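Encoded as structure tokens, the structure appears first; notes follow it.
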Amino acid sequence: MPFAELGLDPKLLSAVTAAGYHDPTPIQAQAIPAVLGGRDVTGIAQTGTGKTAAFVLPMIHKLGQGRAKARMPRSLILEPTRELAAQVSENFEKYGVNYKLSMALLIGGVSFGDQDRKLTAGVDVLIATPGRLIDQFERGKLLLSGVQMLVIDEADRMLDMGFIPDIERICGLLPRTRQTLLFSATMPPEITRLAQQFQSDPMRIEVAKPATAATTITQYMTPCPSNEDTVKRAVLRTIITAASTQNGIVFCNRKREVDTVAKSLQKHGFDAAAIHGDLPQSLRTQTLDRFRNGELRLLVASDVAARGLDIPEVSQVFNYAPPPNADDYVHRIGRTGRAGRSGESYTIVSPGDQRLWDAVTKRIAKDVELFRPEGFDEAVAAAKGRGPAPRRSSADDRRPRKASNHQEDERGSDDSVAEGGRSGRRRRPRRGERSPPPVAAETDDARPTQPPEPEATPATDGPRRRRGGRGRHRGSEQPAAAAATSESFRPEDAFRGMGDHVPAFLLRKIGADEQA
């Protein structure tokens, strides 16, 4: 079925043909007529099957009729990441070239000035991440009462990864009579139930089994014999070399791993750069553009690049470890093998990653071929020979690191730091704790050490001693037995009342005896 049979405007069909497309994909062939008919749609399809065009094309067709008003967009597209929002805006510009439609991109990391000017002039479509959209609304720069069509892209991630309060708030600001579209590559049953509260009698279009990868992707798994990061990085370099990678994406589970792996690849002569959510937006955009243009061979990324980014000529995808969420595996490897091209994915599985990998294989319901590249054993042996530091677990990251004896000698242990560290100050004893005896401070010069206390503390003071001399009896002498046991004080040894010593003023006579 060609695009001409879907009921799209001739000017829109001209732009589609100019972009090099003639026949719609299955998700486009079913979703476009339903959207044009005004139905709410939940679309589920594999990555790389054209879901973005499935809602952008009918949206442009509808926006061609009517006119935008100041600060009141007519349609709204919500995206989970800045990169995906920017990519959708590029699709809107490409397909809407024959229309005089205005568009505003609201993402974080960009100044408010340009966004404010576009909103004030009025836009037909607003493409935004939830956080920046709410910021602009709270600043009074935006009204959502005129939105006729809402699109929640990557719906499972938007609803499942902490966006639920934002989505609920945004939907509460929209008119009740609207058209709501949800698109994703995965849609678990619990997320489906949650999404239905935002739609009215939705039409579910499922052109492929959820959580299945495209058949154009050949999947491999390489077992790593060690959990050590140095060994895993050596295995990764061996796989990249054996795969004859032209351009590929390396996915890591943590942002700090992204930086470490990127630096390691650069150190060993690979053309690699990192991209993750903590980097400035300008640097993320620049790195992504370099990769798109073929100026960068390897993109080391967190899952910020796993959702919806359309880079057609990615030859391979490498997973430094299986993702914590099995559904993300489908999104990751879906960055290759797009638009009918062939691609390859490689996943490194260490003993500590086995549970995550079992969840992935269960989710995709498919056995993955083992891949053991040439030089694998030599690379592992060389990495182990360098004696890598033990890999710390997430629980270890939350615990303070214990210094070795040598380190304690030079900088003090954790307890010594709490007591004053190098300054020599000692912390006050806790309640019920007896303070340790004074220790002479070691000095590097001829200054005298800490002098001893002028007099012993009486046993009647107990484990706590009030400051300012109150409760101390300067004329008394400490019993020899108490002095001998002062280092091993026990609570039961404490005196009750005043002990054997009675203050002199209590022994004074009163009344007639005193006058005599």
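Could you tell me which numbered condition Glu257 fails, if it satisfies all but one of (1) touching a His at 6+ places or on another chain (Cβ under 9 Å); (2) within 20 Å of Asp303 (Cβ to Cβ)?
Checking Glu257 against (1) touching a His at 6+ places or on another chain (Cβ under 9 Å); (2) within 20 Å of Asp303 (Cβ to Cβ), the one that fails is (1).
Quick check on my filter: what residues within the stretch 348-371 are outside any strand (DSSP E or B) and closer than 16 Å to Val231 by Cβ?
Within the stretch 348-371, Ser350, Pro351, Gly352, Asp353, Gln354 meet the criteria.
Take Asp156 and tell me if it is surrounded by fewer than 18 Cβ atoms within 10 Å (Cβ to Cβ) and either within 16 Å of Ile77 (Cα to Cα) or assigned by TED's automatic domain parsing to the domain that holds Asp327 (or both).
So Asp156 does not fit the description; no.
Consider the stretch 269-284. How many of its residues are in a helix (DSSP H, G or I) and surrounded by fewer than 17 Cβ atoms within 10 Å (Cβ to Cβ)? Give the derivation first.
Here is the first cut: in the stretch 269-284, the residues in a helix (DSSP H, G or I) are 281-284.
With surrounded by fewer than 17 Cβ atoms within 10 Å (Cβ to Cβ) added as a condition, the list becomes 281-283.
Number satisfying all stated conditions: 3.
Of the conditions (1) in a helix (DSSP H, G or I); (2) modelled with pLDDT of 90 or more; (3) over 26 Å from Pro189 (Cα atoms), Asp114 clears all except one; give me its number.
(2)
For the stretch 175-206, what are the residues that are surrounded by fewer than 18 Cβ atoms within 10 Å (Cβ to Cβ), in contact (Cβ under 8 Å) with a residue 60 or more places away in the chain and part of a loop (DSSP other than H, G, I, E, B)?
Pro188, Ser200, Asp201
Do we have any residue at all in the stretch 255-264 that's in the same structural domain as Asn319 (by TED's automatic domain parsing) and outside any helix (DSSP H, G or I)?
no
Out of everything in the stretch 49-68 that is among the small types (Gly, Ala, Ser) and outside any helix (DSSP H, G or I), what residue ends up being farthest from Gln179 (Cα to Cα)?
First, the residues of the stretch 49-68 that are among the small types (Gly, Ala, Ser): 50, 53-54, 64, 66, 68.
Still in the running and outside any helix (DSSP H, G or I): 50, 64, 66, 68.
On the way: Gly50: 20, Gly64: 17, Gly66: 16, Ala68: 17 Å.
Checked the stretch 49-68; the qualifying residue farthest from Gln179 (Cα to Cα) is Gly50.
Could you pull out the residue among Ser244, Ser226 that is in contact (Cβ under 8 Å) with a residue 60 or more places away in the chain, out of contact with any Leu (no Cβ under 9 Å at 6 or more places or on another chain) and either among the small types (Gly, Ala, Ser) or not assigned by TED's automatic domain parsing to the domain that holds Ile44 (or both)?
Details: Ser244 fails: in contact (Cβ under 8 Å) with a residue 60 or more places away in the chain.
Selected residue: Ser226, the only one of Ser244, Ser226 that is in contact (Cβ under 8 Å) with a residue 60 or more places away in the chain, out of contact with any Leu (no Cβ under 9 Å at 6 or more places or on another chain) and either among the small types (Gly, Ala, Ser) or not assigned by TED's automatic domain parsing to the domain that holds Ile44 (or both).
Mind checking which residues of the stretch 243-263 are more than 16 Å from Ser345 (Cβ to Cβ) and crowded, with 19+ Cβ neighbours inside 10 Å? Spell out how you get there, then give the answer.
Within the stretch 243-263, the subset more than 16 Å from Ser345 (Cβ to Cβ) is 254-263.
Those that are more than 16 Å from Ser345 (Cβ to Cβ) and crowded, with 19+ Cβ neighbours inside 10 Å: Glu257, Val258, Val261, Ala262.
Regarding Leu144, is this residue surrounded by 17 or more Cβ atoms within 10 Å (Cβ to Cβ) and in a helix (DSSP H, G or I)?
no
For the structure I just gave you, tell me whether Arg341 is within 30 Å of Ala19 (Cβ to Cβ) and either over 30 Å from the mean Cα position of the chain (by Cα) or acidic (Asp, Glu) (or both).
For Arg341, the condition - within 30 Å of Ala19 (Cβ to Cβ) and either over 30 Å from the mean Cα position of the chain (by Cα) or acidic (Asp, Glu) (or both) - is met.
The values are calculated or read from the model by the stated rules, or taken from the named source; none is laboratory data. Computed from a predicted model, the values in this text were never measured in an experiment. Using ideal geometry, Cβ is built from the backbone for each residue, glycine included, and neighbour counts are taken over all protein chains shown.
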